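Let me begin by presenting the structure, written as structure tokens, before commenting on it.
The values are calculated or read from the model by the stated rules, or taken from the named source; none is laboratory data. Computed from a predicted structure; not experimentally measured. Cβ coordinates were reconstructed from backbone atoms using ideal geometry, including for glycine residues, and neighbour counts include every protein chain displayed. Note: areas computed on protein heavy atoms with side chains; ligands, DNA, RNA excluded. Shrake-Rupley method; radii C 1.70, N 1.55, O 1.52, S 1.80 Å.
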Amino acid sequence: MECRKFQIAILSAQGLENVREIFRMKVYAQLSIPGNPQIKRETPVDTEGETNPAWNSTIRFTIGNQAVEHQGVVFVIKLYCSRALGDRYIGEVSLSFKDLFDGAAPTSQGRSSGIVSYPVKKGGADSQGVLNFSYSFGDIVMVKKPSLFSTRNLAVAGIFIVRVVLEATLGASIDLDIPFFGEDVPIC
């Protein structure tokens, strides 16, 4: 299957809405791809910048080449204020891979890249502030689709069997999280 490496560096934000009344804002960004619950990555929490956080945090994915050919494949960067009693939503930026790819400039290393700023939205309207990030798309690479008996599928099956045995033994429902390993997350 044809895929591309995609790298995004979530750099900073400016002029965010202050969602705290008493304490300092401690902001982090969460990148996700709707429809794919495995893909959810977060920046470290910025404890100093408050409404002007800076992260310079890089996240890497492997995406299907069709993601840059069709408008419907999007990713979302949500901003949150970290709090002891539950994080507070600040706003988000939602973009299609195709829009970014079409706006990218070619580099001497054979990549396409860009540095952009987008307004943070809350609901359907612009919120306060902008989010700054850089990104790059690598060349097309061929990735073999995992087989039905891949290591990950066997691990999931093993966890399922352990869960069934534990539930039968304890007589109670058990929720086991299945961790994801690896830096690059294939979505192709």
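Quick notes on this structure:
- Solvent-accessible heavy-atom area per residue, rounded to whole Å², over region 83-126 at 1.4 Å: 60 Å²
- Each 10 Å bin from zero up to the one holding the largest Cα-Cα distance in region 1-41 carries the following percent of pairs: 18, 38, 28, 12, 3, 0.
- Solvent-accessible area, 1.4 Å probe, carbon plus sulfur percent, for region 16-73: 46 percent
- Full-stretch length increase - V45, R83 - with 0.36 nm per residue and alpha-carbon distance subtracted: 12.6 nm
- Each residue of region 31-43 was assigned a 3J(HN,Hα) from its phi angle through the Karplus curve 6.51 cos²θ - 1.76 cosθ + 1.60 (θ = phi - 60°); the sequence is 9, 9, 10, x, x, 10, x, 5, 9, 8, 10, 10, 7 Hz, with glycine and proline shown as x.
- Zone of V74's modelled label, taken as backbone nitrogen in region 21-38 under 14 Å from a point 7 Å along Cα→Cβ: 32-36
- Against the empirical curve 2.2 N^0.38 Å, the C-alpha radius of gyration of region 1-69 lands at a ratio of 1.38.
- In order along region 74-80, phi translates into HN-Hα couplings of 10, 10, 10, 10, 9, 9, 10 Hz, rounded to whole numbers, per the Karplus curve 6.51 cos²θ - 1.76 cosθ + 1.60 with θ = phi - 60° and x for Gly and Pro.
- Magnitude of the charge dipole for region 1-112, about its Cα centre and with charges confined to Cβ atoms of Lys, Arg (+1) and Asp, Glu (-1), is about 280 debye.
- Taking θ as phi - 60° and the Karplus parameters 6.51, -1.76 and 1.60, the scalar couplings of region 82-94 work out to 6, 9, 5, 9, x, 5, 10, 5, 9, x, 8, 10, 10 Hz in sequence order, x denoting glycine and proline.
- Kirkwood radius for region 48-99, taken over all pairs of different Cα atoms as the inverse mean of 1/r, rounds to 13.5 Å.
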